[in-house]
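Data block below; observations after.
The values are calculated or read from the model by the stated rules, or taken from the named source; none is laboratory data. Not measured: the values here are computed from a predicted model. Cβ placement follows ideal geometry from the backbone for every residue including glycine, while neighbour counts extend to all protein chains displayed. Heavy atoms of the whole protein, side chains included, go into the accessibility calculation; ligands, DNA and RNA do not. Shrake-Rupley method; radii C 1.70, N 1.55, O 1.52, S 1.80 Å.
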Amino acid sequence: MGMRLQRRIRVAPGVRVNLGLTGISTSFGPPGASITAGTRGISSNLGLPGTGLYHRQNLGSSSGNKRKHSPGEAASVGAASGVKVGVKSNGTVSITHEDESPINDDAFVRRFKRERRGEIMEWLRRQCEEADKEIAIICEIHAQTPPPDRQPAYTPKRFTEESPNMPILKAPGFWARIFPAVRQKLEARNRVIAQNWAQNHQAWEERKRKCERADASQIKLYTESRLGGTAGISAFLEYWLPTLHWPRETLIEFDVSQDGTTVNMDVDLPEIEDLPENHPRMSSGQMRVVMNKFTDKRKRHNYARHIHGVLFRIIGECFASFPQVAIVVASGYSQRPDHSIGAVNDDYLLSVRVMRSVWSEINFDDLGMVDPVPALERLELRRDMTKTGIMRAIRPFTPIGVV
């Protein structure tokens, strides 16, 4: 049922969501979390299933905790590979080699936990906090929606790379003036230096020209999109949407009406299984994480808030980007199994048709007070959702003005 429209863009996550953590691979639950403790200290990674978010951070030097180990201990731990501190699916801490092979020295494991207790506990606490922040990002994606009268400002890219310095060639000295062989060797050396500089300078100039050409192209694109028209709006959407801060990779199909006043969008929504199923909490005073599983109702609530928020944000970006656009038709679909035929269908779950005049009534000065679910309900919304958040397939609005 998806892919009704002609143009497709992919909005991908990445550095746009920066929560400040870097350094362990963890998902808080199967297959588990981990931190690495080596000669450079303890580091951690954080990844949340279904969001595409991933962070890495060094948690501090281990130099203050170094101690002399016996040859047998060093061989057991593996000085080159370091030690990996992980969280098992039951929330307990595990200590392994960095390649996740077991450490067969119980005394060392106990000592490591004792000496690094403060660092490990702090890491666990911060990971719990970051997991909560990421869940909030998923549920509050609409909070960054611009008001319809705030057009995106284009900031020209500045080429900041400095030109390679002109080398100072060595002048002939006393011996070079007397002996031709010495002079020839010096001149050959100077030629190599000059040639290398010329090549580096030429490459620098090409990078500068490329940056300036790209900037000029984007300025032209931005200017044309202000003038309206299908081509200008489509080109700017293809440029602008992938620059948004986004928690997970999302496929968007869109088309613009022939008169340039309507934008039609289809959004490939995540499946409910992609959202976090639980949230971690520190066990009081223990080196342990307790996984609190979301109830089915809470998970459906989070899912409904997220997918409504996704459409809310995309609608808002369209109205803010193009003052001439009067209507946005946005529909969201998801891949769901059809057990009657044993196949997976693209089921539309919600579809909304919005007039700019109605959209402008929303209080964009305090979106933290806006719930995207009832916000879309006050618009022309097609949706079949039960009181407990179960969503059934619907027939979306027909795109306007698309040939």
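Ignoring ligands, DNA and RNA, please state the percent of accessible area on the range 84-138 from carbon and sulfur, probe 1.4 Å.
Values: 1220 of 2640 Å².
Carbon and sulfur together cover 46 percent of it.
Compute the distance in nm between two label points, each set 7 Å from the Cα along the Cα-to-Cβ direction, one at residue 343 and one at residue 114.
6.5 nm
For residue 98 and residue 170, what does the FRET efficiency come to when R0 = 41 Å and r is the distance between their Cβ atoms, rounded to the nearest 0.05?
Values: r = 48 Å, r/R0 = 1.18.
About 0.25, to the nearest 0.05.
Determine the share of the range 322-393's accessible area contributed by carbon and sulfur atoms, expressed in whole percent, with a 1.4 angstrom probe. If you can, show how the numbers build up before the last one.
Details: 1880 of 3640 Å².
On the range 322-393, the fraction of accessible area on carbon and sulfur atoms equals 52 percent.
Rolling a 1.4 Å sphere over the protein heavy atoms, what is the accessible area per residue of the range 260-326, to the nearest Å²? Don't jump to the answer; show the numbers that get you there.
Working: 2300 Å² over 67 residues.
Ligands and nucleic acids excluded, the figure is 34 Å² per residue.
Please give the charge dipole size of the range 277-403, origin at the Cα centre, charges +1 on K and R Cβ atoms and -1 on D and E Cβ atoms. Round to the nearest 20 debye. Show your work: numbers first, answer last.
Numbers: 18 positive and 13 negative charges, 106 e Å.
Dipole magnitude for the range 277-403 comes out near 500 debye.
Which of the pairs 113/299; 185/210; 113/293; 88/299 have their Cα atoms more than 32 Å apart in this structure?
Values: 113/299 35 Å; 185/210 38 Å; 113/293 27 Å; 88/299 23 Å.
Over 32 Å apart, Cα to Cα: 113/299; 185/210.
Mind running the shape call on the range 93-169? Use the C-alpha gyration tensor, a ≥ b ≥ c as the square roots of the eigenvalues: rounded below 1.5 for a/c, prolate if a/b tops b/c, oblate otherwise.
Working: a/c = 4.23, a/b = 1.45, b/c = 2.93.
Oblate shape, in that a/c is at least 1.5 and b/c is the bigger or equal ratio.
Taking Rh as the Kirkwood radius, which is the inverse of the mean 1/r over Cα pairs, what is the Rg/Rh value for the range 169-285?
Details: Rg = 29.7 Å, Rh = 21.1 Å.
My calculation of the ratio gives 1.41.
Between residue 150 and residue 8, what is the label-to-label distance in nm when each label sits 7 Å out along the Cα-to-Cβ direction?
It is 3.3 nm.
If we sort 316-324, 118-126, 367-375 on the protection proxy, mean other Cβ atoms within 10 Å, highest first, what's the order?
Values: 316-324: 21.2, 118-126: 18.0, 367-375: 15.9.
Listed from highest to lowest mean packing, they are 316-324, 118-126, 367-375.
Tell me the label-point distance for the pair residue 177, residue 286, using the 7 Å Cα-to-Cβ offset, in nm and rounded to one decimal.
8.6 nm
In whole percent, and with a 1.4 Å probe on the protein chains, what portion of the accessible area of the range 159-287 is carbon and sulfur? Numbers along the way, then the final one.
Values: 4120 of 7590 Å².
The nonpolar share, carbon plus sulfur, comes to 54 percent.
Under 37 °C and 0.692 mPa s, how fast does the range 312-403 diffuse according to Stokes-Einstein, given a Kirkwood radius computed over C-alpha pairs? Answer in µm²/s, whole number. Present the calculation step by step, with values, prior to reporting the outcome.
On the way: Rh = 14.8 Å.
The calculation lands on 222 µm²/s.
If you take every residue apart from residue 129 with its C-beta less than 15 Å away from the C-beta of residue 129, what net charge results, scoring Lys and Arg +1 and Asp and Glu -1? Can you show the working numbers first?
Numbers: positive: 125, 126, 133, 281; negative: 122, 130, 132, 134.
Net charge in that neighbourhood comes out at 0.
Residues with beta-carbon under 9 Å from that of residue 305, excluding residue 305: net charge, scoring Lys, Arg +1 and Asp, Glu -1?
Values: positive: none; negative: 140, 371.
With Lys, Arg at +1 and Asp, Glu at -1, the neighbours total -2.
Compare the peptides 102-110, 275-283, 143-151 by average per-residue count of other Cβ atoms within 10 angstrom and give them in order, highest first.
Numbers: 102-110: 13.2, 275-283: 18.2, 143-151: 15.9.
Order by mean packing, descending: 275-283, 143-151, 102-110.
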